[in-house]
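Worksheet: one structure, shown below.
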Amino acid sequence: QVQLVESGGGLVQPGGSLRLSCAASGSIFSPYVMGWYRQAPGKQRELVASITSGGSTNYPDSVKDRFTISRDGAKNTVSLQMNSLKPEDTAGYYCNYKKVILSTINEYWGQGTQVTVSS
C-alpha cells in the first residue's frame, strides 16, 4: 500500500509561482515512476511532469521550462515547482505512483489539490 498526500495548492496570480508537494508513505521501492497529473472540469486528465526513481524527468511542451519536478533527499516527497502560471493551468493536481512488479501494475493516486490561477 502506498499513501500519497498532496499539498500546496491555492489561488495564485497569473505569472506567479506555486510549489506543490506529494508526501509518499508505505511500500516505496525502486524502481518506480511518480508524476503529477492535472484535470480541469470537462477535460481529460493529463500528465504535467514525471520523475523516475533514477531521477529522469519528463514534461509535455505545455509546461516545459515553466514546471520542475523534484524529490527530496529521503526520496519520499516529490515536489512540483510551477512558475509563470497561466489561467489555463487552473485544475485539480494529482500525484501518482506507479510500479511494475513482474506482470502486476501497482498504481496509486492522491486525492488532489486545487490550483487556481486568476486575478
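The table for this structure:
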read-out: Output for segment 51-73, where each listed residue is open to solvent by 20 Å² or more (accessible area, probe 1.4 Å) and outside any loop (DSSP other than H, G, I, E, B); value: THR52, THR57, ASN58, THR68, SER70, ARG71
read-out: Pair list, Cβ < 6 Å and 6+ apart or interchain, from segment 90-119 residues that are without any contact (Cβ under 8 Å) to a residue 12 or more places away in the chain to residues that are assigned to a strand (DSSP E or B); value: GLU107/LYS98
read-out: Of all residues in segment 6-33 being within 18 Å of MET82 (Cα to Cα) and open to solvent by 60 Å² or more (accessible area, probe 1.4 Å), the one that is nearest to the chain's Cα centre (by Cα); value: ARG19
read-out: Residue list for segment 34-46, restricted to those being open to solvent by 50 Å² or more (accessible area, probe 1.4 Å) and either under 11 Å from the mean Cα position of the chain (by Cα) or of a type in the set (D, E, K, R) (or both); value: LYS43, ARG45, GLU46
read-out: Considering residues of segment 51-72 that are hydroxyl-bearing (Ser, Thr, Tyr) and touching a Lys or Arg at 6+ places or on another chain (Cβ under 9 Å) only, the residue nearest to LYS86 (Cα to Cα); value: TYR59
read-out: Meets criteria (open to solvent by 70 Å² or more (accessible area, probe 1.4 Å) and part of a strand (DSSP E or B)) for ILE105; value: yes
read-out: Filtered residues of segment 1-23 (kept if over 20 Å from GLN114 (Cβ atoms) and among the aliphatic types (A, V, I, L, M)); value: VAL2
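The values are calculated or read from the model by the stated rules, or taken from the named source; none is laboratory data. Keep in mind the model is a prediction, meaning the values are calculated, not measured. Using ideal geometry, Cβ is built from the backbone for each residue, glycine included, and neighbour counts are taken over all protein chains shown. The protein model used for the area step is the full one, side chains on, heavy atoms only, and it has no ligands, DNA or RNA in it. Shrake-Rupley method; radii C 1.70, N 1.55, O 1.52, S 1.80 Å.
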